[in-house]
Amino acid sequence: VDTLLRMGGERGEAYERRWTATLEADTRFGHRFRVYRDAKRAVAEKPFVADAEYEAVARLAALFADRGATVLLVNTAESPLMLADYGASDYYRGYREYFAAVAARHPGARFVDLSEVLPAEDFNDLHHPNFVGSIKLGPVYADAIRAALGRLPGQAGGEAP
């Protein structure tokens with residue numbers, strides 16, 4: 001089980017205890033994810049500013065959408081344990097609003113926020129779903145793609161691919 005589920009399949013409080021011990025351990029993994037956690041915490045204290053990287057994504061979305069392609073901008077699933085540190089911050093709110101605004105400017109572009117679709121137990125770390133989380137995300141992504149393409153089963157336009 002540990003090969004596929006870093007926290008050994010623990011749930012609830014047992015998962016949180018094991019995660020905290022793993023995160024605080026003097027290991028390569030613990031060091032790496034404390035740096036990641038601390039970077040997320042630090043950015044939460046600042047306002048969101050769209051730098052060149054974000055503007056490049058916006059230009060790419062515009063290029064495809066303006067040529068008639070369907071563009072799906074996805075905010076991926078994140079562990080509730082990480083969102084507890086920065087999910088309500090002005091930075092994260094601005095980040096999500098930025099991508100929603102990019103999508104709103106272009107017909108055929110959609111923004112889908114999947115940040116809160118999985119429980120903490122479905123993550124191997126602060127941002128990578130584990131085996132179970134990946135299985136759960138498959139249908140969520142498929143539904144988002146179907147909706148963006150406007151071909152949900154039972155809707156006019158035909159069956160979903």
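The values are calculated or read from the model by the stated rules, or taken from the named source; none is laboratory data. Bear in mind the structure is a predicted one, so any value in this text is a computation, not a measurement. Counting neighbours? That spans all protein chains shown, and the Cβs are built from the backbone with ideal geometry, glycine included. Heavy atoms of the whole protein, side chains included, go into the accessibility calculation; ligands, DNA and RNA do not. Shrake-Rupley method; radii C 1.70, N 1.55, O 1.52, S 1.80 Å.
Numbers for the structure displayed
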{"read-out": "Å² per residue, accessible surface of the chain at 1.4 Å", "value": "58 Å²"}
{"read-out": "Cut-off 15 Å between beta-carbons: net charge of the residues surrounding Val49, Lys and Arg +1, Asp and Glu -1", "value": "-3"}
{"read-out": "Between the range 1-73 and the range 102-142, the alpha-carbon center distance in angstrom", "value": "11 Å"}
{"read-out": "Inter-label distance, nm, simple model (7 Å from Cα along the C-beta direction), Asp85/Ala69", "value": "3.4 nm"}
{"read-out": "Sorted peptide list for 123-134, 57-68, 80-91, criterion being average Cβ within 10 angstrom, highest first", "value": "123-134, 80-91, 57-68"}
{"read-out": "Karplus-derived 3J(HN,Hα), 6.51/-1.76/1.60, for each residue of the range 50-63, Hz, glycine and proline x", "value": "6, 8, 4, 4, 5, 5, 5, 5, 4, 5, 5, 4, 5, 4"}
{"read-out": "Neighbour cut-off at most 13 other Cβ (10 Å), DSSP loop, GluC sites (Glu not before Pro), the range 40-99", "value": "Glu45"}
{"read-out": "Value of D in µm² per second that Stokes-Einstein yields for the range 1-116, Kirkwood Rh from Cα pairs, at 20 °C (1.002 mPa s)", "value": "130 µm²/s"}
{"read-out": "Accessible-area composition of the chain, carbon plus sulfur, in percent [1.4 Å probe]", "value": "56 percent"}
